[in-house]
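Reading through the structure tokens given below for one structure.
The values are calculated or read from the model by the stated rules, or taken from the named source; none is laboratory data. The structure displayed is predicted, hence computed values, not measured ones. Neighbour counts are summed over all protein chains in view; Cβ atoms, including those assigned to glycine, are modelled from backbone coordinates with ideal geometry. These area figures cover heavy atoms from the full protein model, side chains too; ligands, DNA and RNA do not enter into them. Shrake-Rupley method; radii C 1.70, N 1.55, O 1.52, S 1.80 Å.
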Amino acid sequence: MKKANNYKSYKYKIPLLITSLILLFCSCKNNNNIISIDAPSQEFNISNKDSITHDLKLIKDKFYSFTIYQKGIDVVVYLMNSKNEILQEKDSPNGSYGSEQFYFYCENQDEYKLLIKPLNENKNTLKGKYTLAVSEVSKDTKITLDKSDYLKDFNTFKAIFEKANSGLYRYYSKQEVDSVFSVNKNKINNKTTYQEFYNLVWNVIDYTGSCHNNLRLPKYLKTLLYRKDIFFPIPIKYIDGKLYSNINYNNIPAGAEILSVNGIKATDFSNQISKYRSTDGINQTSKYNFIQTNWAPLYIYHAYGEKNEFNIIYKYNTETTSVVLKSINFNNYLKNYNKRHSKVYDTKVNDAYQYRYIDSLHVGVLSIKSFDLGEKGNESFKKYESFLDSVFISLKDKKNLIVDIRGNGGGSGDALMLLTSYLSNRSVKENIGAYTLFNKIPFPEFYIGSVQNNEKILNDYVDDFKNGKYYQNSKFNPLWKPNKNNYKKHFILLIDPFVASAASHFAAHIKSDKRATIIGEETGGAYYGHTGHFPVLYILPNSKLELSFSVVNLEQDVIKIAEEKFGNGVMPDIEIVQNHEDFMENKDTQLNFAFDFVKKKTQK
């Protein structure tokens, strides 16, 4: 009996022991996944089927930096609260090597989770590693550097631009560009502020002229600044050299003409803030139009710094009024922008592509609002390809077509060339010449992204070295013949200042063919060529300013046209600009003109 009792006791102890071990193992595993703030980075293994959660405690009103470094596998990072709501999602386009970094201002003390998942795509690897570190960051937005730090950053910027930017001397001679470098560098002194330094660097970038050029504030600084009540509060509209309010706000009615801001005449104010939009060549039209986008408050900040209020003098009907508006944070500005008067007009077409046939006018309207539709072979491109084919099959016996690319900021070369093949009557290449200045990433110590992966891409993309330049592999520049369902009649093309990169490239092909009547305004991208395709990102070591630009200098496959001056965008055959009355009534001035154009043509 005694023996039996001992056996019974032992029988129950075994599962109890196993359960305890399991609990202990689970507890240890969870402890390994708890991330301490300001601790050294930790390394973790991950496979393509894993989903790893890290727990962390964040304190209210603290500001945190999250850095996840990918080692051989591409991951997506999610920050979630205790309700499993996603607060941040991060997936940089840097492949399986490189950093995923973001910043988070903690509004509420909570138990937070960081979820790491491999990117769900066929090209991703089966397994890899990543390191993770979370640290508290100062909330101070005032950055103070000494003269030597600014000079080092300016010299680094100059060296990078000279070594990597193949379009640096596209519009101006080396002597002219060197002079602009020198003039701005010589302005750096012991009293130079961070904002002033930003503007000195930007002056050079803007002068060289490319719609792909950009200079961004460090992510942590931008995150903090966006929370401060320092921004211009109202969306604005730029029409025929004048500024207008684009919202009913604090007694300023939508449509009121803004005469001055903080004592600065509206013309001078517009001129100063418009320079923060980089465009191809000497284009000014696009610069002025971009001040009516949601980037305007940041442009105003760059030009005039932090402001607590804005004294605005405006005119409505015949009455002139002065009002003081309190500055707001960027998120509240975005709420105002979302309530803007012109939103009905601005968001008329939201899809990347759309087609409709208007029976009463006997005209088809094809809207292509983006060429960000993938490359040949992938699913998004196949859908676009199928869509275009069905549209042009239906247009075979139709006499009138309007192609609307207004607002199209660009995308893939394949997407623009496919549309060209349906509308051009000639065999055409994307370019007649394209090159970079390198096939190995210059200054890798400042480069953001996978040097190894991008050099592999570059060595395939540019394979012909001559005269100090690396020329494009011909397989990336095939001859596109007119599609079998090509539209053979004359048509109308609508353009505006927001058309850039691949979209202005497409518009240039159409202008060169002389098969369309082009209506609207000058595009933001150039007619003869541009610097594009392969974007790079560098961070200046002291100021942490983010410098981005594209490195392939290409000449577009177009003919020389008298009215197309070198450095201009694609010019319309008929310039039509929305006037104040149509703005107030949210009328599409350019499309309505195109409809009238078709009517008159049909009546002949």
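The table that follows gives values for the structure above.
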item: Within region 33-147: Cβ-based charge dipole about Cα centre, in debye rounded to nearest 20 (Lys, Arg +1; Asp, Glu -1); result: 220 debye
item: Taking N as its residue count, the alpha carbon Rg of region 499-542 over 2.2 N^0.38 Å; result: 1.58
item: Selection from Ile576, Gln101, Gly377 lying farthest towards where the dipole of the chain points positive, charges on Cβ; result: Gly377
item: Among Gly567, Tyr353, Ser386 - extreme Cα towards positive end, dipole of the chain, charges at beta-carbon; result: Ser386
item: Within the accessible area of the chain (1.4 Å probe), percent carbon and sulfur; result: 50 percent
item: Out-of-range pairs (alpha-carbon distance over 32 Å; input Lys489/Lys565; Lys57/Lys544; Lys315/Lys339; Lys62/Lys456; Lys123/Lys219; Lys383/Lys475); result: Lys62/Lys456
item: Rounded Å value of the spacing that divides the Cα centres of region 221-262 and region 359-395; result: 37 Å
item: Radius of gyration and maximum dimension Dmax of region 216-283, Cα, Å; result: 14.5, 40
item: Derived scalar couplings ³J(HN,Hα) [region 255-266; Karplus, 6.51 cos²θ - 1.76 cosθ + 1.60; whole Hz; x for Gly, Pro]; result: x, 5, 7, 7, 8, 7, 10, 6, x, 9, 4, 4
item: Three-way shape label, region 129-179, alpha-carbon gyration tensor, a/c 1.5; result: oblate
item: Structure-based [θ]222 nm, the chain - -39500 (n - 2.57) summed over DSSP H runs of at least 4, per residue, nearest 500; result: -10000 deg cm²/dmol
item: Computed P(r) (all Cα pairs; region 131-249; 10 Å bins; percent); result: 10, 30, 30, 24, 6, 0
item: ³J(HN,Hα) computed for each position of region 582-588 - Karplus, 6.51 cos²θ - 1.76 cosθ + 1.60, integer Hz, glycine/proline x; result: 5, 4, 5, 9, 6, 8, 8
item: Translational diffusion of the chain, µm² s⁻¹ [Kirkwood Rh, Cα pairs; Stokes-Einstein; 4 °C; 1.567 mPa s]; result: 47 µm²/s
item: Span from the region 50-123 Cα centroid across to the region 280-348 one, whole angstrom; result: 33 Å
item: Sequence-distant residues sharing a close amide H with Leu493 (under 5 Å, placed H); result: Val403, Thr517, Ile518, Ile519
item: In degrees, nearest ten, helix 451-461 long axis to first principal axis of the chain (Cα); result: 40 degrees
item: Prolate/oblate/rounded label for region 463-506 (Cα gyration tensor, a/c 1.5); result: oblate
item: Accessible area per residue, Å², region 443-486 with all protein chains present, probe 1.4 Å; result: 64 Å²
item: About the Cα centre, charge dipole magnitude for region 61-111 (Lys/Arg +1, Asp/Glu -1 at Cβ), debye; result: 200 debye
item: Dipole in debye (nearest 20) - the chain, about Cα centre, beta carbon charges: Lys, Arg +1; Asp, Glu -1; result: 1540 debye
item: Gyration tensor verdict on region 78-196 (Cα atoms; rounded if a/c is under 1.5, prolate if a/b is larger than b/c, oblate otherwise); result: oblate
item: Accessible surface, region 554-604, averaged per residue in Å² (probe 1.4 Å); result: 58 Å²
item: Largest-first principal axis extents of the Cα set of region 557-604 (Å); result: 37, 32, 16
item: Over 32 Å (Cα to Cα) - which of Lys163/Lys265; Lys511/Lys587; Lys174/Lys382 fall in this group; result: Lys163/Lys265; Lys174/Lys382
item: Residues whose placed amide H lies under 5 Å from that of Tyr353, excluding near-sequence neighbours; result: Lys369
item: Relative contact order for the chain, counting Cα pairs under 8 Å that sit 6 or more residues apart, in percent; result: 13 percent
item: With all protein chains modelled, accessible area of Lys174 [1.4 Å, Å²]; result: 110 Å²
